[in-house]
Structure formats: C-alpha cells, structure tokens
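The values are calculated or read from the model by the stated rules, or taken from the named source; none is laboratory data. Model, not experiment: these values are computed from the prediction. Note that each Cβ is placed from the backbone with ideal geometry, even for glycine, and that neighbours are counted across all protein chains shown.
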Amino acid sequence: MAGKGRGVAAFSFNIESLGLTRGSMPETQRGPAPLFPQIEYKPGPLKAGEDEDYMRALKQEMRGRMKDLPFNIKHHAGKGDVERYKEKYTREIKKLEDEDWTPDLKKSVKISTKDKEEVLNKLDELEKKGDVKSDEEDEVKKEKKEDDEEGEEAEIEGDYDEEFEEDNDYIASYFEDGDDFGGGSDDNMDEATY
Amino acid sequence: MTAQEVRLCGLLLQEHFGDVVENVGTHLIRNGVLTLRALAHETKLALDLVKKSLCVLVQHGMCTFGPGRRGPAGPVEYHINCEHILHMLRYPRYIYTAKSLYGDTGELIVEEILQRGQMTMSSTVKTVADRLTHNMPEGQSMDYNEVVSAFSRLVETHFLQRCPPMASAESSGTGSAETPPAVTQPSNPESHPDCYKLPYISLSGHGKRRRSSEDGEADQRAAKKAKTDSSECGDEGIHWQVNFERFHLHFRDQAIISAVSCKLDQTSGEIVRTMLRMSEVTTSANAAFTQALSANEIFRALPSNYNIARPILDQYLTLLVDDPMEFVGKAGDSGGGMFVVNLHRALANLARATLESVVQERFGSRSARIFRLLLRKRHLEQKQVEDFAMIPAKEAKEMLYTLLSENLVQLQEIPKTPDHAPSRTFYLYTVNQLPTARLLLQHCYKTVGNLIERRLYETKENKRLLEKSQRIEAILASLQATGAEATQLTEVEEMITAPERQQLESLRHHINKLDSSENQVDETIFLLESYINSTQASR
C-alpha cells in the first residue's frame with residue numbers, strides 16, 4: 001500500500017487539484033457518529049393555526065374511530081375466558097362494530113374460458129350483490145352500523161368470491177391443494193366463531 | 001418499494017387496521033405479488049385471518065387481485081398498491097378540503113367514505129344524515145335531500161367516483177383471445193363510462209337521532225325493519241370511492257395560487273386562480289400546461305368583487321409572465337394575448353424552493369447560497385464555487401464537503417487524460433434536482449415513520465396513566481348522567497393527583513405536536529411527489 005509506514009497521510013494523487021492542503025484535513029473519525037448529534041441550526045416552529053388544529057383533531061378522531069371498526073382485525077383470542085360481564089356494555093358504549101364477521105364463502109365463482117359460463121358468472125355476481133344476507137349474530141345492533149355492514153358485506157362478498165377462481169377440470173391432475181385452500185368450493189363450511 | 005416506504009406503510013396499516021393486517025400488508029409489499037396460500041405460509045397466520053385482512057385491504061382499494069402467472073386456471077394473485085396506503089397520511093387534509101368546499105355535509109360524506117373504503121350512495125346518505133342530526137339541537141333533523149345534493153355536487157366535480165367493476169368479469173372476456181398478463185392491471189376507474197353518473201335512488205326521509213340504550217328495544221325493531229327496506233333503494237352494487245387524483249389536482253392548484261400570492265400579491269393570486277378555474281375541465285391530469293386563455297376571457301371571468309380595469313389586468317399578466325418563477329406563460333397574441341399556466345414548471349420551481357429551503361434550514365444561509373449557485377450554474381469547480389459564492393476558501397470547502405457527505409451535492413469527474421490521473425482530472429460539483437428531490441422524499445418518509453414511532457412510544461410509556469384517566473372520565477360521565485352531587489364529582493376528580501395531571505398534560509402536548517408535525521411533513525411529501533410524478537409523466 002502506498003505510504004504505509006512512511007507517513008500515514010500520503011495520498012496517491014496530487015491533493016492540490018482538489019483544493020486541499022495537508023493542514024486542512026478534518027480529524028479522523030474515532031468510532032461511530034453520536035446517535036443524537038448536536039445541531040447548529042434549530043428547526044423552525046410548526047405552523048400553528050385553526051386549519052392545522054382542525055386537521056390534527058380530525059386525525060386523532062379518525063385514529064380512535066378506526067380502532068372500533070370491524071376493519072381492525074384482531075388475533076384470535078384465547079378461548080379460556082368466559083365473556084366478562086362488562087364486555088357487553090363496553091361494546092355498546094364504544095359502539096364496537098361486529099368483530100365476528102366472516103366473508104361469505106358459500107357461493108364461489110368459477111372462472112372458465114368458455115363464453116356461456118362467463119355470462120352465467122356475470123349474472124351470478126350481479127345477483128349476489130343484489131341479495132345481501134348477513135349471517136352473524138349480534139347482541140345490540142344499531143341501524144347505522146347494519147347499513148354499513150351490509151354495504152361492506154355485499155362488496156366483500158362480490159370481491160371475495162372472485163378469489164376462488166379455479167377451474168377444477170383443468171388442474172385437478174397436477175395442482176394438489178391442501179385441505180384449506182380453495183375453501184370456497186366447499187359448502188356449509190363452518191367457520192369457528194371466536 | 002424503498003425500505004422507508006415499506007416501514008411507513010407498515011406503521012400506517014398497523015395504526016388503522018391492527019397488527020394482523022399490518023403483517024399481511026408488509027409481506028405483500030416485500031414480496032410483490034403473492035397467492036393466498038403463499039401469503040398464509042409467509043405470515044404464519046391462520047388462513048381465515050389472512051382472508052379477512054385481504055378483504056379489508058381490497059375494500060379500501062389498497063390491494064388488487066387478478067389471475068396469476070398460470071393464467072385464469074391458476075390461483076389468484078394479490079398485488080398491493082403502496083401509494084394508496086401512503087395516502088392514509090393525507091386523510092385529514094382531504095376531509096378538511098371537503099369541508100372548506102362543501103361544508104359540514106361534504107366533510108362528513110368524505111370522512112365516511114374514507115373510513116369505509118367504499119360505500120353505496122344510500123348508505124352514505126343515511127349515515128351522514130344520522131350523524132348530522134345527532135349534532136343538531138333537539139327536535140331538528142337533517143333531511144336526506146340536502147345530503148343527496150351535497151353528494152351530487154361532490155360527484156359532479158369528480159371528487160367522488162364509482163368503484164371500477166370486478167376485474168375478473170372483464171378479464172374472463174378478454175382472456176380467451178390473448179394470454180392475459182401475469183397480473184391483470186386494475187381497470188382504471190375513469191375508463192368506466194359511467195364513472196361519474198349518479199344513480200337514481202328513491203330515498204327520502206330524515207336523519208334519525210340515536211337514542212340512549214333505554215330505547216334499545218325499539219331501535220332493534222326499527223333496525224330490523226330498516227334492514228328489509230334498505231335493499232330497495234335502487235343503487236345496489238354501485239359503490240363510490242374517493243377520487244384521490246382530483247384532490248391532488250386541487251392541492252396542486254392551491255399550492256400554485258398561494259405561491260403566486262406570496263411572491264407577487266393577492267390580485268395576481270386571484271388572476272391565477274381564475275385561470276385555473278376556467279381550465280379545470282379542459283386540462284387533463286398530467287398536462288404540462290393549461291389550455292390557452294385569452295386576456296379577454298380572463299377579464300370576463302374574474303370575480304365581480306375584483307374591479308380591476310382592463311389595462312391593469314394586462315399589466316398584471318405581463319408581470320406574471322416576466323416573473324422568473326414562470327408560473328404563467330404567453331402562448332400567442334390573439335384576443336389580447338393568450339396565456340397559459342405552466343403547471344409542470346410551477347411544480348418544478350416549487351420543489352426547487354423546497355430543496356433550497358431545506359438546505360438553508362439545516363446548513364445555514366451560506367451553504368444555501370452555494371446550493372442555489374450549483375442549481376443554477378450546473379457544474380462548477382472548487383475555485384469557481386468560492387469565487388461566485390463570495391465565501392472564503394476554507395469555509396466554502398467545509399460547506400461543500402458537508403453537503404457532499406449528505407449527498408445533496410455530487411462530484412463529477414472529467415478526465416483530461418485516458419488514465420484518469422487525479423492531477424489531470426477536472427472535479428466538478430453539481431446538483432441534480434430530480435435525484436435530490438427523490439432523496440429528500442425518502443427522508444420525509446423516514447421522518448414520518450420516526451414521528452409515528454415516537455408517538456407510539458410516548459403512548460406506551462404512559463399507558464397506565466392514560467388508562468386511569470380514561471376510566472375516571474368514564475366514571476365521571478356516568479355519574480353526571482345519573483345526576484350525582486358536586487362533592488362526589490370532585491372526589492372522583494381528585495383521584496388523579498396534580499403531578500399526574502401535569503404529566504397527562506405534557507403527554508397530550510407532545511402527542512399534539514407529533515401529530516401536527518406528521519400533517520406538515522405530509523405537505524412537503526405531496527409537493528415532492530407531485531414534482532417527481534410530473535417529470536415522469538412528461539418523459
């Protein structure tokens with residue numbers, strides 16, 4: 001290596017072209033940079049005003065409300081506990097929406113490249129979106145939530161059934177599914193409620 | 001997807017939808033497209049949890065599905081849409097814009113649809129009417145028609161759009177002829193001809209006031225009855241979603257107008273606002289500049305409370321055209337002069353101003369001077385930088401190297417000889433606006449991620465205290481409802497000691513500050529993203 005042993009700061013090129021001189025080099029680093037270095041220029045203040053306050057309030061409200069919607073999916077809780085007495089009232093007060101919905105997997109749409117079946121499928125989907133059947137039990141249901149859920153259910157149903165588009169004629173031979181795949185083709189699949 | 005974007009998406013998903021959805025979403029982002037079984041295997045979650053999470057993501061438009069690599073016969077693949085997840089940062093801004101344009105009704109409509117992802121018109125109207133009624137004084141209620149009219153106005157101005165129809169129904173039609181692509185492109189909602197057509201619904205009535213739980217029975221009966229009614233509203237299957245692009249155009253216009261007002265004056269801002277308003281419908285989303293408008297048209301379209309004379313308007317227009325920011329350009333001389341608003345150039349200039357301001361705030365005004373110099377002059381040698389910036393050599397060197405180490409400035413080598421000998425090579429400093437903007441955008445994503453994590457940390461640290469205060473509030477509320485005496489109330493209030501109260505207060509203050517910061521960093525994110533997208537669109 002050039003310069004090792006002779007002088008530590010020996011460079012292989014002429015430093016002056018970069019405008020450096022031997023004396024002006026910064027000190028070598030000893031160890032990693034500090035985690036919270038001192039900053040010379042403090043950051044400016046935040047914008048403060050009605051608009052910003054309102055948007056902040058909106059953000060916080062939304063955060064709180066999203067936790068109570070059924071979109072907030074929780075892990076399966078342990079089955080050990082009996083439902084506590086307060087759960088019924090907590091749910092009512094916090095207006096928790098139904099946590100136990102499951103997508104309706106009874107009807108699935110099979111995709112195929114044949115024309116007749118396409119048309120039939122399209123008709124099926126439209127029909128399915130038309131009748132909304134909600135099959136969960138709830139304790140206290142408010143009207144508002146019901147309407148919302150139905151909207152959701154219909155959409156989710158419609159969306160969801162597209163996922164199980166397997167044409168069994170073609171793939172039974174070489175594509176082996178596990179038991180829990182393609183569950184949409186089974187009827188009366190009992191989802192355990194938790 | 002960059003590491004910072006993935007991290008931020010994960011944090012946003014967790015905040016809004018919980019850990020399970022976050023797990024599913026993060027794996028989808030990291031792996032691109034996945035089938036259901038692969039996803040379940042990767043996340044090691046139960047299959048039904050994975051299905052539910054995917055439902056949630058699809059409902060909110062953050063995930064699309066389509067026939068996979070094996071064609072229509074193979075398993076379906078899921079493809080996540082990161083931009084949609086990042087839009088969650090901007091929800092408060094969308095809602096606030098709707099409020100400023102269409103009042104409380106508009107605000108609640110947009111809020112409901114954002115929270116639910118997609119909704120039918122009838123359910124939205126009912127929900128919003130109920131919420132508005134709840135806030136009105138006793139005895140009044142909100143008529144459905146008002147909500148319907150607010151909804152219609154939102155659709156007419158394209159802030160809401162219909163959700164695109166099922167992708168598979170279309171792809172099975174086209175798939176037979178040619179081999180479909182690996183993941184079907186989600187059909188652009190705008191390609192659907194009825195995108196902005198309002199359905200005819202037979203909906204009349206008033207918002208219902210939510211009663212307290214004593215009337216639970218009556219409500220339940222009414223609810224059951226309403227359930228059978230709601231399916232006859234006539235708009236089944238027509239779901240609406242928020243049109244984020246339209247909101248973004250609106251924000252972009254706002255940014256341009258406020259920049260003009262700040263730089264020149266209020267009247268110039270009004271003129272530019274008029275021009276933008278006139279060309280709203282004629283300009284496409286990615287256009288580099290608006291349609292040419294003649295000075296006569298602008299004069300006629302100015303709002304009536306701005307009584308400026310015609311020659312004054314001409315002077316203003318000339319001023320706008322001559323301004324170095326190039327917001328307005330002249331495109332011809334007919335009709336008193338044809339003028340356009342240069343959208344892409346305006347965005348580029350706004351992004352440039354943002355970059356310069358960032359350098360100034362972090363490294364000082366002299367470093368900012370060097371940065372601006374390099375932006376203008378493109379390539380400069382060390383000596384030239386010192387001369388043009390009028391900064392002594394030693395300090396200029398230090399500042400340049402600081403900027404170089406932060407990657408805001410790049411070094412370009414130009415060899416004189418083929419052997420690239422350092423003594424015979426030119427070393428030029430340069431700044432490229434687009435890569436620097438991208439770098440800053442990643443910094444912004446990292447910043448927001450840090451802000452969210454800090455907020456979660458603060459909340460977790462003080463969890464016990466927060467829970468205690470919540471319980472005490474609940475007790476107070478229930479006591480007040482049942483009419484307790486003042487002594488009992490004060491007794492309960494005193495359960496929180498003074499230092500605890502102080503701690504709670506400072507916690508609230510910190511969290512407010514962190515939330516506000518997130519909103520404001522998002523404004524910078526929007527500006528930089530718009531600039532980057534506009535340069536990509538014009539390529």
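What is the residue count in the range B:49-77 for residues that are modelled with pLDDT of 85 or more and surrounded by fewer than 19 Cβ atoms within 10 Å (Cβ to Cβ)?
Total satisfying the criteria: 0.
Can you tell me which residues in the range B:477-513 are within 14 Å of chain A (Cβ to nearest Cβ) and of a type in the set (A, V, I, L, M, F, W, C)?
Answer for the range B:477-513, where residues must be within 14 Å of chain A (Cβ to nearest Cβ) and of a type in the set (A, V, I, L, M, F, W, C): B:ALA477, B:ALA481, B:LEU507, B:ILE511.
Go through the range B:25-36 and give me each residue that's more than 10 Å from chain A (Cβ to nearest Cβ) and either of a type in the set (A, V, I, L, M) or buried (at least 22 other Cβ atoms within 10 Å of the Cβ) (or both).
Across the range B:25-36, the qualifying residues are B:GLY25, B:LEU28, B:ILE29, B:VAL33, B:LEU34.
Here is a yes/no grid of residues against (1) under 33 Å from the mean Cα position of the chain (by Cα); (2) at pLDDT below 70; (3) farther than 29 Å from B:GLU107 by Cβ; (4) within 14 Å of another protein chain (Cβ to nearest Cβ):
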position	(1), (2), (3), (4)
B:TYR196	yes, no, no, no
B:PRO199	yes, no, no, yes
B:GLY205	no, yes, no, yes
B:GLU280	yes, no, no, no
B:THR290	yes, no, no, no
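Any chance you could count how many residues in the range B:470-491 are surrounded by fewer than 15 Cβ atoms within 10 Å (Cβ to Cβ) and either under 32 Å from the mean Cα position of the chain (by Cα) or assigned to a helix (DSSP H, G or I) (or both)?
The number of residues fulfilling the criteria is 14.
Against the condition touching a residue at least 12 places away in the same chain (Cβ under 8 Å), assigned to a helix (DSSP H, G or I) and farther than 25 Å from B:GLN4 by Cα, how does B:LEU434 come out, does it pass?
no
Test B:SER423 against the stated conditions and say whether it is without any contact (Cβ under 8 Å) to a residue 12 or more places away in the chain, over 30 Å from B:VAL358 (Cβ atoms) and not in a loop (DSSP other than H, G, I, E, B).
yes
If you check B:TYR457 against the conditions, is it in a helix (DSSP H, G or I), more than 30 Å from B:ILE370 (Cα to Cα) and free of Cβ contacts under 8 Å to residues at least 60 places away in the same chain?
Criteria met by B:TYR457.
Checking B:GLY61 against (1) part of a helix (DSSP H, G or I); (2) within 11 Å of chain A (Cβ to nearest Cβ); (3) at positive phi: exactly one of these is not met. Which one?
(1)
I'm checking my understanding of the structure. Among residues of the range B:12-23 that are assigned to a helix (DSSP H, G or I) and within 9 Å of chain A (Cβ to nearest Cβ), which one is surrounded by the fewest Cβ atoms within 10 Å (Cβ to Cβ)?
So the residue we want is B:ASP19.
Answer yes or no as to whether B:ARG7 is surrounded by fewer than 23 Cβ atoms within 10 Å (Cβ to Cβ), of a type outside the set (Phe, Trp, Tyr), touching a Gly at 6+ places or on another chain (Cβ under 9 Å) and at the interface with chain A (Cβ under 8 Å from one of its Cβ atoms).
No; evaluated as a whole, the condition is false for this residue.
Consider the range B:104-120. How many of its residues are facing another protein chain (nearest Cβ under 10 Å), in contact (Cβ under 8 Å) with a residue 24 or more places away in the chain and not polar (S, T, N, Q)?
The number of residues fulfilling the criteria is 4.
If the requirement is being more than 12 Å from chain A (Cβ to nearest Cβ), among the hydroxyl-bearing types (Ser, Thr, Tyr) and within 25 Å of B:ALA255 (Cβ to Cβ), which of these qualifies: B:SER534, B:SER517?
Testing whether each residue is more than 12 Å from chain A (Cβ to nearest Cβ), among the hydroxyl-bearing types (Ser, Thr, Tyr) and within 25 Å of B:ALA255 (Cβ to Cβ) leaves just B:SER534.
Select from the range B:391-446 the residues that are within 12 Å of chain A (Cβ to nearest Cβ), touching a helix residue (DSSP H, G or I) at 6+ places or on another chain (Cβ under 8 Å) and among the polar types (S, T, N, Q) and write down the one among them that is surrounded by the fewest Cβ atoms within 10 Å (Cβ to Cβ).
Among residues in the range B:391-446 that are within 12 Å of chain A (Cβ to nearest Cβ), touching a helix residue (DSSP H, G or I) at 6+ places or on another chain (Cβ under 8 Å) and among the polar types (S, T, N, Q), the one surrounded by the fewest Cβ atoms within 10 Å (Cβ to Cβ) is B:SER423.
Which numbered condition trips up B:LEU39, out of (1) more than 7 Å from chain A (Cβ to nearest Cβ); (2) touching a strand residue (DSSP E or B) at 6+ places or on another chain (Cβ under 8 Å); (3) not in a helix (DSSP H, G or I)?
(3)
Residues B:GLY74, B:GLY66: which one is at the interface with another protein chain (Cβ under 8 Å from one of its Cβ atoms) and outside any helix (DSSP H, G or I)?
Step by step, each of B:GLY74, B:GLY66 is checked, and only B:GLY74 is at the interface with another protein chain (Cβ under 8 Å from one of its Cβ atoms) and outside any helix (DSSP H, G or I).
Taking the options B:ALA348, B:ALA396, B:ALA368, name whichever one is modelled with pLDDT of 90 or more and within 30 Å of B:MET278 (Cα to Cα).
The unique qualifying residue is B:ALA348.
Could you give every pair whose Cβ atoms fall below 9 Å, whose first residue belongs to the range B:381-395 and is in contact (Cβ under 8 Å) with a residue 24 or more places away in the chain, and whose second residue is in a loop (DSSP other than H, G, I, E, B) and surrounded by 14 or more Cβ atoms within 10 Å (Cβ to Cβ), counting only separations of at least 6 or pairs across chains?
Within 9 Å, the pairs are B:GLU381/A:GLY19; B:GLN382/A:GLY19; B:VAL385/B:ILE391.
Kindly indicate which of B:ARG252, B:ARG273, B:ARG300 is charged (D, E, K, R) and surrounded by fewer than 17 Cβ atoms within 10 Å (Cβ to Cβ).
Of B:ARG252, B:ARG273, B:ARG300, the one residue that is charged (D, E, K, R) and surrounded by fewer than 17 Cβ atoms within 10 Å (Cβ to Cβ) is B:ARG300.
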